[in-house]
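Trainee: Would you mind keeping the following structure in view while I ask a few things?
The values are calculated or read from the model by the stated rules, or taken from the named source; none is laboratory data. What you see is a predicted model, and the numbers here were worked out from it, not measured in a lab. Methodologically, a virtual Cβ is constructed for each residue, glycine included, from the backbone with ideal geometry; neighbour enumeration extends over all protein chains shown.
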Amino acid sequence: MKLLFIYLFPLFSFWYSLPDEQKWLVDEQSVLVIHGKTNINQFECKLPSKKERDTLLIKAFTNTALKFDRGKVKIDPQVFNCGNEFIKRDFLETLKADEYPYIYINFVDIYFNDLESSADSEAEGNVKIYICGVTNSYPIDFIIERKENGKMSLIGEKELKLSEFNIKTPSKMMGLIKVSDEIKIQFNLLLSRFEN
């Protein structure tokens, strides 16, 4: 499923008075969840908060598109809560967290239809996802939602295959328990406008 729902707050109401670039900070209240399953159950590993304050830099924009000069969000798998230490250990081993300590989601661009509307609007764009030393690009569909507090909340999901990142799915108990190749990444990134 190539669908990512992203809710953006009053970012676009500023468009016609923008400076040459805009900076947005990723708030520590941001959340990311990775869903997976085996042949006998399902599991999820959750990043309960975003301690590192990444900065997204919007460099180029028109009344129908914006492009990120720096759109990378860094995620540390070590701080995920999987609800079970055995699941977390397997999760970190699968992602080769000792060798590749971070996952990256890199927003590239967003294209939209109705810039001035205060209602929700549809958009599409592109992201790059880095896992285990491999970067893949994905086209994404967005829904843009404005909020009243001047912040921007990016909420979305994307289904991926571990094999797309050259990750071999693990098996346990002599092959009786097998992890599915498919995972789903869900995130809620809360962004705050950075004022110089």
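Trainee: With the structure loaded, tell me whether Leu11 is hydrophobic (A, V, I, L, M, F, W, C), closer than 28 Å to Ile183 by Cα, surrounded by 14 or more Cβ atoms within 10 Å (Cβ to Cβ) and at pLDDT below 70 or whether it fails that test. Steps first, answer last, please.
Mentor: On the way: hydrophobic (A, V, I, L, M, F, W, C): yes; closer than 28 Å to Ile183 by Cα: no; surrounded by 14 or more Cβ atoms within 10 Å (Cβ to Cβ): yes; at pLDDT below 70: yes.
Answer is no for this residue.
Trainee: Being free of Cβ contacts under 8 Å to residues at least 12 places away in the same chain and basic (Lys, Arg) is the filter here; which residues of region 78-93 pass it?
Mentor: Of everything in region 78-93, just one residue is free of Cβ contacts under 8 Å to residues at least 12 places away in the same chain and basic (Lys, Arg), namely Arg89.
Trainee: Checking Ile6 against (1) buried (at least 18 other Cβ atoms within 10 Å of the Cβ); (2) at pLDDT 85 or above; (3) under 17 Å from Ile129 (Cα atoms), which single condition isn't satisfied?
Mentor: (2)
Trainee: In region 133-168, how many are in contact with a Ser or Thr (Cβ under 9 Å, 6 or more places away or on another chain), surrounded by fewer than 18 Cβ atoms within 10 Å (Cβ to Cβ), of a type outside the set (Lys, Arg) and within 21 Å of His35 (Cβ to Cβ)?
Mentor: Matching residues across region 133-168 total 2.
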